[in-house]
Amino acid sequence: MLSALTDDQIQIRDLIRRVAKEQVAPRANEIDRSAEYPQDMFDLLRQLGLFTLPFPQQYGGTNSMVSACLAIEEFGRVCYNTAYLLLLQWVPFGAILAGGTEDQKGRFLHGLASGELRGAISTTESQSGSDVAGIKTRATSVAGGYSLTGSKIWCTNSHIADFVLVAAKTTDDKSTGSINLFIVERGSKGFEVGRKEEKMGARGVPSCPLFLDDVFVPESNILGESGKGFKVVMEAFNKSRPLIGARGVGLSQGAIDHASEYIQNRVAFGQKISDFQGIRWMLADMAIQTEAARNLVYKAAAMVDAGAAGSDLAPIAAMAKCFATDTAMKVATDAVQLFGASGISNEYPINRYFRDAKVLQIVEGTNQIQRNIIANHMLGRPAR
Ligand SMILES: Cc1cc2nc3c(=O)[nH]c(=O)nc-3n(C[C@H](O)[C@H](O)[C@H](O)COP(=O)(O)OP(=O)(O)OC[C@H]3O[C@@H](n4cnc5c(N)ncnc54)[C@H](O)[C@@H]3O)c2cc1C
């Protein structure tokens, strides 16, 4: 697949690989340790003009999901949190591009592209994460718009976001059909962002609870048609799923980089541990799994670029997310093993990879949910 990359894609990958090595890698441990939002990394991505990379050229992008995956992979190889910053800009951009009105595109997309605006998305509530249909936040129709009341948890980037795409139900219907996304702007009366979670991974970008008490959202801030907005946006998320897989591939590759270096320097029983066959085979297996994940991710991304959507795309996108992030967990676990006790010490970066890999198996639809999508497709059952 690598040989199938275009010259432009190779150029993007090589540029980002260099920037990641020279400017991002030296900051990665400190971002993780301090658990502080890396504004300097956001500024770097902004200067590089990467906030529209997967999107159409009219917005300054490459219109290429493969290019976007390459960027996420290269940043994720050295710093999970910096790669995450890109995704946090792309997800609201993609949602508004897919489901927004011309007015909303005009008001939000330029700012997201330039980095003047930041967004977040919030579906998860304390009683329902995977089971999105179980959300209780309610949107009640009032003159000129809706009033939102409810609470959310785990909303990443909300501490800094200028707006949050909040999922709420417009009726008591128990399906996702009654869910819409509402653009809730920072400073709206009754809207509050709570204290950040103490996290073991993804530490550089805070996740916070949200409290909504009779928050007025004008008609002009409802994303998509009533009852359809959520589905349109979910389809957009389907298309961005290869990006989550790319985070897994980058993380795996980074763990391999660190482990390869370590085993060639560590000596036991009078020889480098890289000379033990058992160690070499472990390293080879890590490379095999990572390469397999990379190819599945690139395939799913190439399908997006070729216009695949709906049930043609969903199972492959789910496989890419699931396999690449399970691989990241496996490879990071093996990498820690290769470091021995040093793998547990905070003196070495490898336990950061292990902690971040665990997050990837849970976010953006857990890997059990991805398996449900795949099996439902195989058995011809509707997605739940
Ligand atoms: C770092 C981080 C950042 C996050 N950022 C955001 C964000 O920005 N916005 C947002 O809305 N949410 C966010 N989340 C929340 C995330 O989307 C949810 O945690 C995720 O969807 C799982 O929901 P849950 O935690 O409630 O687990 P549950 O849904 O309660 O699941 C618990 C376990 O049961 C399994 N399970 C559930 N249903 C099934 C089923 N049908 N079949 C098989 N197994 C099943 C799950 O896979 C999981 O292993 C974030 C989470 C983390 C950790």
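The values are calculated or read from the model by the stated rules, or taken from the named source; none is laboratory data. On a predicted model such as this, the values are computed, not experimentally measured, just so you know. Neighbour counts run over all protein chains shown; Cβ positions are idealised from the backbone, glycine included.
Below is a table of values for the structure above.
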quantity: Region 153-164 - residue that is in a loop (DSSP other than H, G, I, E, B) and surrounded by 23 or more Cβ atoms within 10 Å (Cβ to Cβ) and, of those, farthest from the ligand (Cβ to nearest atom); calculated: ALA161
quantity: Restricting region 181-207 to residues that are farther than 13 Å from ALA120 by Cβ and among the basic types (Lys, Arg), the residue that is farthest from the ligand (Cβ to nearest atom); calculated: LYS189
quantity: Residue that is farthest from PRO92 (Cα to Cα), among those in region 208-222 that are buried (at least 17 other Cβ atoms within 10 Å of the Cβ) and within 16 Å of the ligand (Cβ to nearest atom); calculated: LEU212
quantity: Inter-residue pairs, beta-carbon under 8 Å, first hydroxyl-bearing (Ser, Thr, Tyr) and in region 107-133, second more than 10 Å from the ligand (Cβ to nearest atom) and part of a strand (DSSP E or B), 6+ apart; calculated: SER126/SER151
quantity: One residue from GLY76, GLY129 being within 16 Å of the ligand (Cβ to nearest atom), not assigned by TED's automatic domain parsing to the domain that holds ALA28 and not aliphatic (A, V, I, L, M); calculated: GLY129
quantity: Unique residue being among the small types (Gly, Ala, Ser), over 15 Å from LYS231 (Cα atoms) and within 15 Å of the ligand (Cβ to nearest atom) when the list is ALA113, ALA139, ALA167, ALA120; calculated: ALA120
quantity: From the options GLU74, GLU116, residue that is of a type in the set (Asp, Glu), in a helix (DSSP H, G or I) and at pLDDT 95 or above; calculated: GLU74
quantity: Qualifying residues in region 6-43 (those that are surrounded by fewer than 18 Cβ atoms within 10 Å (Cβ to Cβ) and aliphatic (A, V, I, L, M)) - the one nearest to MET200 (Cα to Cα); calculated: ALA35
quantity: From GLN277, GLN271, GLN264, residue being surrounded by fewer than 20 Cβ atoms within 10 Å (Cβ to Cβ) and in contact with a Ser or Thr (Cβ under 6 Å, 6 or more places away or on another chain); calculated: GLN264
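Residues are listed down the side, and each one gets a yes or a no for (1) at pLDDT 95 or above; (2) under 26 Å from LEU86 (Cβ atoms); (3) in contact with a helix residue (DSSP H, G or I) (Cβ under 7 Å, 6 or more places away or on another chain); (4) in a helix (DSSP H, G or I):
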position: GLU192; (1), (2), (3), (4): yes, no, no, no
position: GLU197; (1), (2), (3), (4): yes, yes, no, no
position: GLY204; (1), (2), (3), (4): yes, yes, yes, no
position: SER220; (1), (2), (3), (4): yes, no, yes, yes
position: GLU225; (1), (2), (3), (4): no, no, no, no
position: LYS231; (1), (2), (3), (4): no, yes, no, yes
position: ARG241; (1), (2), (3), (4): no, yes, yes, yes
position: GLY245; (1), (2), (3), (4): yes, yes, yes, yes
position: LEU251; (1), (2), (3), (4): yes, yes, yes, yes
